[in-house]
1. Excluding Tyr130 itself, calculate the net charge of residues whose Cβ lies under 14 Å from the Cβ of Tyr130, where each Lys or Arg counts +1 and each Asp or Glu counts -1.
2. Once the Cβ-Cβ distance between Ser122 and Gln48 is put in as r, and R0 is 35 Å, what FRET efficiency do you end up with, to the nearest 0.05?
3. Please report, largest first and rounded to whole Å, the three semi-axes of the ellipsoid equivalent to the chain, where each semi-axis is the square root of five times an eigenvalue of the C-alpha gyration tensor.
4. So if I place +1 on the C-beta of Lys and Arg and -1 on the C-beta of Asp and Glu, and nothing else carries charge, what would the dipole magnitude of the chain be about its Cα centre? I want it in debye, nearest 20.
5. What figure in square angstrom, to the nearest 10, would you give for the accessible area of Ser84 with a 1.4 Å probe?
6. Between Ala61, Ala29, Ala131, where does the largest GNM mean-square fluctuation fall for the chain, given springs only between Cα atoms within less than 10 Å?
7. Roughly how compact is the stretch 42-90, stated as its Cα Rg over 2.2 N^0.38 Å to two decimals?
8. What lysines sit close enough to Lys96 to cross-link, taking a C-alpha to C-alpha distance under 26 Å and skipping anything fewer than 8 places away on the same chain?
Amino acid sequence: NDSAIAMIGVKQNQRGFDTPANRYGYALALTRSGRGAQAIEQLQPLLQSAPDSLILKLALADARLQAGQHAAALTIYSALNIQSPRNRAVALAYAKALTADGDKDQARLAANLLRPLLDNASEPEIYSTYARASDKAGDSVRAGEAFADASYYAGRPFDAMEQLKRLLKRDDLDYYARVRIQARIAELTPLVLELHKRKIQTEDNPDG
């Protein structure tokens, strides 16, 4: 909150507190509280000392995005993605930035960035970000599948199943989409039945 951030700011001037790690943490707190411009001021000296740091560059991109410097942030994200093309933190931040302004081509790029990560991902945020990007790119079916997966990995298998069943009722599904959705339903069905059988409670369990 504001008081905590203000206290950190005061401590910055205290002997022994103004370390690179603390300054970095302060910058993150500023960005998360909507003070991207102030976060940039904290990060720039750190980057002068460690110009190749991916973590600092990513924090700077986040701060620039929060400060409204969208183009500058995208430039940093793009460079980081080229440098580390399979880095999940970079891809996720870049995809969110690309999806933020509603541009269809940028949303398509965001979806393409995240799609390779889905094969080995279990983080709901990756699926929900991919879903939003796909939706803005005009692929509502892929978006629906990804939202269902986000629900599943967030611990809501019953919600995931219901979302997939609703998707399957759409009359605009092509053959491949229908097969994918049917396969996912078949995969989740034993789990849902077992949860029913054992009366295991989840927050989305209709029996609970």
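1. Once positives and negatives cancel, what remains is 0.
2. Values: r = 37 Å, r/R0 = 1.07.
For Ser122 and Gln48, the calculated efficiency is 0.40.
3. 40, 22, 14
4. It works out to roughly 200 debye.
5. Number for this one is 30 Å².
6. In the Gaussian network model the winner is Ala29.
7. 1.07
8. Excluding near neighbours in sequence, the set is Lys57, Lys104, Lys136.
The values are calculated or read from the model by the stated rules, or taken from the named source; none is laboratory data. Just so it is clear, the model here is predicted, and its values are computed rather than measured. Heads up, the Cβs are rebuilt from the backbone with ideal geometry, glycines too, and the neighbour counts pull from every protein chain shown. Heavy atoms of the whole protein, side chains included, go into the accessibility calculation; ligands, DNA and RNA do not. Shrake-Rupley method; radii C 1.70, N 1.55, O 1.52, S 1.80 Å.
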